[in-house]
Amino acid sequence: MSQTNTEKIQDIIKEFFSKTGIALEGIEIKTPLDSTIPINLKMEEPQTLIGEGGQTLMEVQRLLKMVLQRKIASDAHFYIDLDINDYKKKKTNYLKEMARSTADEVSLVKKEKYLPAMSAYDRRVVHVELASRQDIVTESVGYDPERKVVIRPRLL
């Protein structure tokens with residue numbers, strides 16, 4: 001992504017949020033990974049845009065992507081990964097730690113354990129984190145919005 005596109009994205013984001021009346025303290029556009037542009041916003045009252053369990057953040061991300069797609073180039077295919085005050089980063093680290101400690105417990109006591117219901121994105125974080133473990137297996141069970149990850153000891 002060129003410096004011009006980065007500046008254009010930053011201007012569009014500023015305009016988008018100024019029209020909503022939400023004040024931003026800063027916009028950080030990181031180096032794109034594949035076709036995903038990581039964007040981190042800094043603001044004083046982040047909970048307004050994060051919402052319960054990050055649901056509002058996902059919807060804002062979807063809307064912002066549509067606006068950017070329309071204003072930059074309709075033929076360019078890209079995704080954005082919107083984060084606010086590093087909320088997603090902190091949540092991902094928390095999920096990984098919870099997954100590892102639960103997997104250790106399951107491996108030790110040889111009894112399956114269910115994690116709380118979570119979004120598809122959060123379940124994927126857990127599955128990816130534990131994929132290399134040889135002592136346990138993970139599986140998503142149930143139906144949205146109550147879908148959960150179960151961690152089971154691997155039968156040898």
Subject >> Extreme residue, nearest to residue 77 (Cα to Cα), among residues of segment 1-19 that are in contact with a Leu (Cβ under 9 Å, 6 or more places away or on another chain), surrounded by 12 or more Cβ atoms within 10 Å (Cβ to Cβ) and without any contact (Cβ under 8 Å) to a residue 60 or more places away in the chain >> reply: 13
Original post:
Within the set of pairs 6 or more residues apart or between chains, which connect a residue that is under 14 Å from residue 10 (Cβ atoms) and exposed (fewer than 10 other Cβ atoms within 10 Å of the Cβ) inside segment 22-47 to a residue that is β-branched (Val, Ile, Thr) and modelled with pLDDT under 90 with Cβ atoms less than 7 Å apart?
Top reply: none
Original post:
Checking residue 140 against (1) small (Gly, Ala, Ser); (2) without any contact (Cβ under 8 Å) to a residue 24 or more places away in the chain; (3) assigned by TED's automatic domain parsing to the domain that holds residue 23, which test does it fail?
Top reply: (3)
Original post:
Looking at (1) exposed (fewer than 15 other Cβ atoms within 10 Å of the Cβ); (2) within 27 Å of residue 5 (Cβ to Cβ); (3) in contact (Cβ under 8 Å) with a residue 40 or more places away in the chain, which is the one condition that is false for residue 110?
Top reply: (2)
Original post:
Of all residues in segment 74-116, which are small (Gly, Ala, Ser) and part of a helix (DSSP H, G or I)?
Top reply: 99, 101, 103, 107
**OP:** For segment 132-150, indicate whether the set of residues that are of a type in the set (Ser, Thr, Tyr) and assigned to a strand (DSSP E or B) is non-empty.
**Re:** yes
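Let's see how each residue does on (1) closer than 22 Å to residue 71 by Cα; (2) not in a loop (DSSP other than H, G, I, E, B):
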| position | (1), (2) |
| --- | --- |
| 17 | yes, yes |
| 22 | yes, no |
| 40 | yes, yes |
| 56 | no, yes |
**OP:** Output yes when any residue across segment 62-73 is surrounded by fewer than 15 Cβ atoms within 10 Å (Cβ to Cβ), at pLDDT below 95 and either of a type in the set (S, T, N, Q) or outside any helix (DSSP H, G or I) (or both), and no when none is.
**Re:** yes
**OP:** Starting from residues that are of a type in the set (A, V, I, L, M) and farther than 26 Å from residue 66 by Cβ, keep the ones in segment 81-107 and report whichever is farthest from the chain's Cα centre (by Cα).
**Re:** 106
Subject >> Qualifying position, being of a type in the set (Asp, Glu) and under 28 Å from residue 119 (Cα atoms), among 15, 59 >> reply: 59
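The values are calculated or read from the model by the stated rules, or taken from the named source; none is laboratory data. Note that the structure is a prediction, hence the values are computed from the model and not measured. Neighbour counts run over all protein chains shown; Cβ positions are idealised from the backbone, glycine included.
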